[in-house]
Amino acid sequence: MALSQKVETAVPAATVAPPASAAPAAPAASPTAPAKPVAFPRERFDPTRDARADLDAAIKSAEKSGKNIVLDVGGEWCPWCVFMDKFFYLNPEIDKLRDANYVWVKVNFSKENENKEFLSVFPQAPGYPHLYVLDPAGKLIQSQDTSELEMGKGYNPDKFVEFLNKWAPKPGTVDSVKSPVSPN
């Protein structure tokens, strides 16, 4: 569920490592030619969004769908945040796995809006992007340092699939107890 509008983002092709299973890239026109930006649709981190309202909407959606929620905390200043978006774009099967099991919510963290009050109920993020996995009722079940999902200059597809499968909702395991981040 996109809680804000997706936009086309141009990122230099060389800044995101292709998945291990991808075919080799075509050679560059010349060794000194700059890499052409590759545009892809992505939801931006928006400092004007209301993170609490976005989470409330995600909880409603997750309770109806049985999906878990992921709070993707980062900002437009963060290259690894853009890398993650590109990683999902370049790995449609992993993107499908994510979308089948999670309501994904972007939460801005930047000098314009650190969302301090909203994020204060979660464990401190050691870096960005950072993922908080919540059950459909909004209860925290995992705080994920995304550096553990990296491989070289990109993300490791196997580690990401393992993460998504591990924290996917299990039938009959929704905890209806409200947490401090839940409404009410």
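So how many residues does region 66-88 have that are without any contact (Cβ under 8 Å) to a residue 60 or more places away in the chain and either among the hydrophobic types (A, V, I, L, M, F, W, C) or out of contact with any Ser or Thr (no Cβ under 6 Å at 6 or more places or on another chain) (or both)? Spell out the reasoning first.
Initially, region 66-88 is screened for residues without any contact (Cβ under 8 Å) to a residue 60 or more places away in the chain, giving 72-78, 81, 88.
Filter again for either among the hydrophobic types (A, V, I, L, M, F, W, C) or out of contact with any Ser or Thr (no Cβ under 6 Å at 6 or more places or on another chain) (or both), leaving 72-74, 76-78, 81, 88.
So the count comes out to 8.
Just one of the listed residues (32, 15) is surrounded by 12 or more Cβ atoms within 10 Å (Cβ to Cβ) and modelled with pLDDT under 95, namely 15.
Could you count how many residues in region 65-83 are more than 22 Å from residue 50 (Cβ to Cβ) and surrounded by fewer than 22 Cβ atoms within 10 Å (Cβ to Cβ)? Selection size over region 65-83: 4. Do the conditions hold for residue 115, that is, is it farther than 23 Å from residue 39 by Cβ, touching a Phe, Trp or Tyr at 6+ places or on another chain (Cβ under 7 Å) and in contact (Cβ under 8 Å) with a residue 24 or more places away in the chain? Judged against the criteria, residue 115 is a match.
So which residues in region 49-87 are outside any helix (DSSP H, G or I) and under 14 Å from the mean Cα position of the chain (by Cα)?
Within region 49-87, 68, 69, 70, 71, 72, 73, 74, 75, 76, 78 meet the criteria.
Of the conditions (1) buried (at least 19 other Cβ atoms within 10 Å of the Cβ); (2) modelled with pLDDT of 95 or more; (3) under 14 Å from the mean Cα position of the chain (by Cα), residue 135 clears all except one; give me its number. Residue 135 satisfies every listed condition except (3).
The values are calculated or read from the model by the stated rules, or taken from the named source; none is laboratory data. Not measured: the values here are computed from a predicted model. Reconstructed Cβ throughout: ideal geometry from the backbone, glycine too, with neighbour counts over all protein chains shown.
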